[in-house]
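Novice: Just dropping this structure here.
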Amino acid sequence: MWNNLKTTLLLAILTGLFLAIGELWGGEQGIVIALVLAAVMNFISYFFSDKIALKTSHAQPISREEAPRLYQIVERLAAKANIPVPKIYLIPTDSPNAFATGRNPRHASVAVTRGILDLCNDEEIEGVLAHELGHVRNRDILTSAVVATVAGAITMIGRMVFWAEMFGFGGGGGRRDGEGGALSALAMMIIAPLAAMLIQLAISRSREYEADATGARITGNPQALASALEKIDQWSKRVPMKVSPSMAHLYIAQPFTGRQMFARLFSTHPPIQKRIERLLEMRYS
């Protein structure tokens, strides 16, 4: 219920932003256009945000014949978690990571990178996938997928307004009020990505702890997930992963892009060591 409310709130925020920008940019006519765009974006966010997430990450469907080990692990864990078996995707990168997405457990997908399959043993892979199925069972995958779409849309809107007003196409003054237009465009260029980042930060951190705990209970082996997280943390720094900022919160660990200061400032995940400590406490409790 809470996750459904969060999703509704995110879509309402997106609608409000579209309307505010439409009014600022084009008055009453802008509001009408923004309302239509918001309706379309809300529809896309709800029904297609998971497909957008998979496409953006370059995830590709993988068959049972290509990955029998992966299928066996996912099917075994889905049975333990009492949820339908999700679709399985492979991300062709050597950086170790994984994520889950979908509208609900009946329309869920899990994606793992080639790197994590090479790096981790079966118990660790099981721990990682149990974490992702924890997201599915906790029903926060829709919220996460919608956040990715909303954050991307906000950033896109900011850039569109910036360039439109810079070239005099804005309804708020254009070339006749170049200075005001440039200032409002610059404000949108700054505020839009910041708003997108705040939305991500607001919902991402606690859900990772919850999915860690759920995954550990599914497998009965919190040590395996702790070990996998430690390996992911070490190896992702050696093999950076190109990920859109609007997608970073989906992954089991914050993708390392090489920009350390920026990544720490806007991290969408709890510190790996804190997560490992919690998992080890579960092991000994």
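Novice: Sort out which residues of the stretch 29-78 are of a type in the set (Ser, Thr, Tyr), out of contact with any strand residue (DSSP E or B) (no Cβ under 8 Å at 6 or more places or on another chain) and surrounded by 15 or more Cβ atoms within 10 Å (Cβ to Cβ), and write them in order of number.
Specialist: Ser45, Tyr46, Thr56
Novice: Which count do you get for residues in the stretch 81-136 that are in a helix (DSSP H, G or I), more than 15 Å from Thr214 (Cβ to Cβ) and charged (D, E, K, R)?
Specialist: Count: 6.
Novice: Of all residues in the stretch 116-141 being of a type in the set (A, V, I, L, M, F, W, C) and surrounded by fewer than 24 Cβ atoms within 10 Å (Cβ to Cβ), which is farthest from Val239 (Cα to Cα)?
Specialist: Ile125
Novice: For the stretch 79-107, enumerate the residues that are in contact (Cβ under 8 Å) with a residue 40 or more places away in the chain and either crowded, with 22+ Cβ neighbours inside 10 Å or of a type in the set (A, V, I, L, M, F, W, C) (or both).
Specialist: If the condition is that a residue be in contact (Cβ under 8 Å) with a residue 40 or more places away in the chain and either crowded, with 22+ Cβ neighbours inside 10 Å or of a type in the set (A, V, I, L, M, F, W, C) (or both), then Ala81, Ile83, Pro86, Ser95, Pro96, Asn97, Ala98, Phe99, Ala100, Thr101, Gly102 are the ones that fit.
Here's the yes/no breakdown for (1) among the hydroxyl-bearing types (Ser, Thr, Tyr); (2) modelled with pLDDT of 80 or more:
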| residue | (1), (2) |
| --- | --- |
| Thr7 | yes, no |
| Ala34 | no, no |
| Ala38 | no, no |
| Asn42 | no, no |
| Ala67 | no, yes |
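Novice: What pairs come up if the first residue lies in the stretch 57-69 and is among the acidic types (Asp, Glu), the second is surrounded by 10 or more Cβ atoms within 10 Å (Cβ to Cβ), and their beta carbons are under 9 Å apart, counting only those six or more places apart or on different chains?
Specialist: Listed pairs, sorted by first residue: Glu66/Leu90.
Novice: Being under 24 Å from Glu123 (Cβ atoms) and either at pLDDT 90 or above or crowded, with 19+ Cβ neighbours inside 10 Å (or both) is true for just one of Pro270, Pro222. Which residue is that?
Specialist: Exactly one residue qualifies, and that residue is Pro222.
Novice: Hey, another quick one. Specify which of the listed residues (Thr149, Thr101, Thr113) is among the hydroxyl-bearing types (Ser, Thr, Tyr), within 22 Å of the chain's Cα centre (by Cα) and either farther than 25 Å from Lys237 by Cα or at pLDDT below 70 (or both).
Specialist: Checking each option against the conditions leaves just Thr149.
The values are calculated or read from the model by the stated rules, or taken from the named source; none is laboratory data. As the structure is a computational prediction, the values presented were derived from the model and not from experiment. Every residue, glycine among them, receives a Cβ derived from its backbone with ideal geometry; neighbour counts consider all protein chains shown.
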